[in-house]
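For reference, the structure is listed below as structure tokens.
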Amino acid sequence: MGITRDMADMRGKGGGAKNLIINGSMVVSQRATSSTGITTAGYYTVDRQQTEINNAGTWTMTQSDDVPDGEGFAKSFKYDCTTADTSLGTSHYFIHRYSIEGQDLQELMYGTSFAKPVTISFFVKSNKTGTYVCELQQLATDGSYPRSGKAFTINSADTWEKKIITINGNTAKLIPDSNARGMDIMIWMAAGTDFTSGTFNAGNSWTTTANERAGALTVNIADNTANEILFTGLQMEIGTSASSFQHEDFGTTLEKCKRYCYVAPQHLGYTTGTNSATLAPSGTIQFSPNMRAAPTCTGTYTPQSGSAGTFAVASVNYSYVHVYNSSSNWNVVAIVVSDFKADAEI
Amino acid sequence: MDISNAKYFQGINIDKDSGAVSADGVNQGVVATIDGVTMHVPLDPSNTHYAEIQKQIAAGELTIADAD
């Protein structure tokens, strides 16, 4: 066996960057460690982990310390139902989603005869036993959304279980080679009949038919306020087998997450050097590393004294943001940008 | 995504002597209330908030006011 072959075989066996997921161990949570009253889709707590909700209860999401024994994890992502929905409407759903940039998926060679299978593995724990669905959703270059999913079962209540799912590559559709979304991992936990009434295709082919997507789902995780579900160790690797989770140091994971979300609870201050209502403190915040795209920015001003003024953005791109005070009725020597967040998620 | 109060924001000029700020007349993004939070959204099609704003405009559900 030559050197080239040896190196190729190292992938997925601890020899390289095998996990296509960032923050699969749920250790980075820049936005918050807990968020309550969630009824709409978004990123709320653990970085890179998104929730898709459409009228399926109300949820608290937490970065939890509850983890499987003997696997080396310290954190998990926890969903806790606080308002139940026992009767889902036809188009309603509740999904855990992880999205990957298209340019990071080109080695899968989708859209060619060389398209590679991937294996997704994760640990899950819930009081709600039954059959769930893990789906890959591709965002193809032609604008279509081919999907392929497989069912998995939570067998024992309140017990950590490892699930392994392999999905064949899509030989028919290309993934865009860009910073746009190329693929989603979708873990279905509740769905109305728009997604369950079809015949589930069992993950060996790709389809755009919506009502097959969650055809194997037997649970509605939103049907009781006693329900909760936790995930950790999310990993996706090329090939048909799952290896043990690839742990990495916190700093490396944080740097990867900052491409998508940059949070600075209290950033550098800006000063005019004089107490004036006409001179606007302004300055730039540099993103390091550069972000995936120009981010959406939010923030507030904390004044050294007097009125705070109004946080405003003059310009923003993937590398930096120029902020200033746009209020006409403030009077401070210096201000500090507080609660600054730049969001370039997908 | 609930989007309201959308208005363009512009770049600024800062007078090098006085430090006074004035708009430079070039739209740089949209400031809007999104899911209850004031957000500054760049004019970048790769930004998911801007993509959603464009989607709602196309559907006739949202308009963007001119900058102040």
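Worth pointing out:
- Using alpha carbons only: equivalent-ellipsoid semi-axes of chain A, gyration tensor based, whole Å: 39, 25, 20
- Per-residue ³J(HN,Hα) for segment B:32-47, Karplus 6.51 cos²θ - 1.76 cosθ + 1.60, θ = phi - 60°, Hz, x for Gly and Pro: 8, 8, 10, 6, x, 10, 6, 10, 9, 10, x, 7, 10, x, 7, 7
- Along the axis of the charge dipole computed for segment A:14-257 (Cβ charges of +1 for Lys and Arg, -1 for Asp and Glu, origin at the Cα centre), the listed residues A:ILE120, A:THR82, A:GLN137 are led at the positive end by A:GLN137.
- Cα-projected label distance for A:HIS247 with A:ASP177, points at 7 Å along beta-carbon direction, nm: 3.8 nm
- If R0 is 51 Å, the Cβ-Cβ spacing of B:ASN13 and A:SER156 corresponds to a FRET efficiency of close to 0.20.
- Beyond 30 Å in Cα-Cα separation lie the following of the pairs A:LYS258/B:LYS7; A:LYS18/A:LYS173; A:LYS75/B:LYS55; A:LYS163/A:LYS258: A:LYS75/B:LYS55.
- Angle in degrees between helix B:48-58 and the longest Cα principal axis of chain B, rounded to the nearest 10: 70 degrees
- Segment A:ASP65-A:SER338, extension gain: residue separation times 0.36 nm, minus the distance between their alpha carbons: 95.5 nm
- Counting only DSSP H runs of at least 4 residues, each contributing -39500 (n - 2.57), and dividing by the residue count of chain B, the helix-based mean residue ellipticity at 222 nm comes to -5000 deg cm²/dmol.
- Computed over chain B, the Cα gyration tensor eigenvalues convert (square root of 5λ each) into semi-axes of 26, 11, 11 Å, ordered from largest to smallest.
- Taking label points 7 Å from Cα along the Cα-to-Cβ direction, A:THR33 and A:GLN286 give a separation of 3.1 nm.
Each value in this text was obtained by applying a stated rule to the coordinates, not by laboratory testing. In this text the structure is predicted, and so the values were computed from the model without any measurement. Glycine also receives a Cβ, built like all others from the backbone with ideal geometry; neighbour counts cover every protein chain displayed.
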